[in-house]
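The values are calculated or read from the model by the stated rules, or taken from the named source; none is laboratory data. Quantities reported herein were computed from a predicted structural model and do not represent experimental measurements. Positions of Cβ are backbone-derived with ideal geometry, glycine not excepted, and every protein chain shown enters the neighbour counts. Please note that ligands, DNA and RNA were not included when accessible areas were found on the heavy atoms of the full protein model with its side chains. Shrake-Rupley method; radii C 1.70, N 1.55, O 1.52, S 1.80 Å.
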Amino acid sequence: MVQAVQDDGNGAGDLAGGLDGFIALSAGLTGFSGDELHALGVAREYLAVVLQQIGPVRYGRLAAGPDSPEQGLQEAAKAVIHLWYTGCWPGIPGESGPFVPSAEAYAAGLVWRAVGGRAPGTYPAGFGSWGEAPAGAVDPVGVGR
């Protein structure tokens, strides 16, 4: 498990705007609001992953210019997006391999919010829930009639 960044005023927590800066960068990269990202409860952990995997220097350059055409920054930006959407660090070619930072990361993946659902196996649906269509589901073939 990755150790979370402690925002103690002296370390990486202050780098490029600290946690608030990371959330702002992530909001720009993912299309979700900073409030939505913060509410997931994994931002501090994700910042620690990013700092550990790409280093504070490259992270500072990414935070300063996320639209940079520099290949290393593009790979880092893609990895941050992947982390938020899937809850898995994808690795960066030639540098690191993929890993899941924590059990919470899977459930917090933005992909589940994007499709209007919940991560399978993370929330009890209740007895017999499989017998009814989800709220808002469309029955394209009329089987449920």
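Out of curiosity, is residue 16 at pLDDT below 95 and either under 21 Å from residue 67 (Cβ atoms) or in contact with a Gly (Cβ under 7 Å, 6 or more places away or on another chain) (or both)? It is true that residue 16 is at pLDDT below 95 and either under 21 Å from residue 67 (Cβ atoms) or in contact with a Gly (Cβ under 7 Å, 6 or more places away or on another chain) (or both).
Give the number of residues within the range 41-82 that are in contact (Cβ under 8 Å) with a residue 40 or more places away in the chain, open to solvent by less than 30 Å² (accessible area, probe 1.4 Å) and within 16 Å of residue 102 (Cβ to Cβ). Summing the residues that are in contact (Cβ under 8 Å) with a residue 40 or more places away in the chain, open to solvent by less than 30 Å² (accessible area, probe 1.4 Å) and within 16 Å of residue 102 (Cβ to Cβ) in the range 41-82 gives 7.
So is residue 29 at pLDDT 95 or above, within 22 Å of residue 104 (Cα to Cα), of a type in the set (A, V, I, L, M) and open to solvent by 30 Å² or more (accessible area, probe 1.4 Å) or not?
Numbers: at pLDDT 95 or above: yes; within 22 Å of residue 104 (Cα to Cα): yes; of a type in the set (A, V, I, L, M): yes; open to solvent by 30 Å² or more (accessible area, probe 1.4 Å): yes.
Taking the combined requirement at face value, the residue satisfies it.
Scan the range 30-40 for residues that are outside any helix (DSSP H, G or I) and in contact (Cβ under 8 Å) with a residue 12 or more places away in the chain and jot them down. Explain how you work it out, then say what you get.
Of all residues in the range 30-40, those outside any helix (DSSP H, G or I) come to 31-33, 40.
Scanning the range 30-40 gives 32, 40.
Taking the conditions (1) surrounded by 18 or more Cβ atoms within 10 Å (Cβ to Cβ); (2) modelled with pLDDT under 95 in turn, residue 97 satisfies each one other than (1).
Answer with yes or no whether residue 44 is part of a helix (DSSP H, G or I), farther than 20 Å from residue 118 by Cα and within 15 Å of the chain's Cα centre (by Cα).
Working: part of a helix (DSSP H, G or I): yes; farther than 20 Å from residue 118 by Cα: yes; within 15 Å of the chain's Cα centre (by Cα): yes.
Yes, satisfied.
Evaluating residue 100 against the criteria (1) free of Cβ contacts under 8 Å to residues at least 24 places away in the same chain; (2) β-branched (Val, Ile, Thr); (3) within 22 Å of residue 21 (Cβ to Cβ) leaves one unmet condition, (3). If the condition is being at pLDDT below 70, hydrophobic (A, V, I, L, M, F, W, C) and surrounded by fewer than 10 Cβ atoms within 10 Å (Cβ to Cβ), then the range 118-145 contributes 127, 130, 143.
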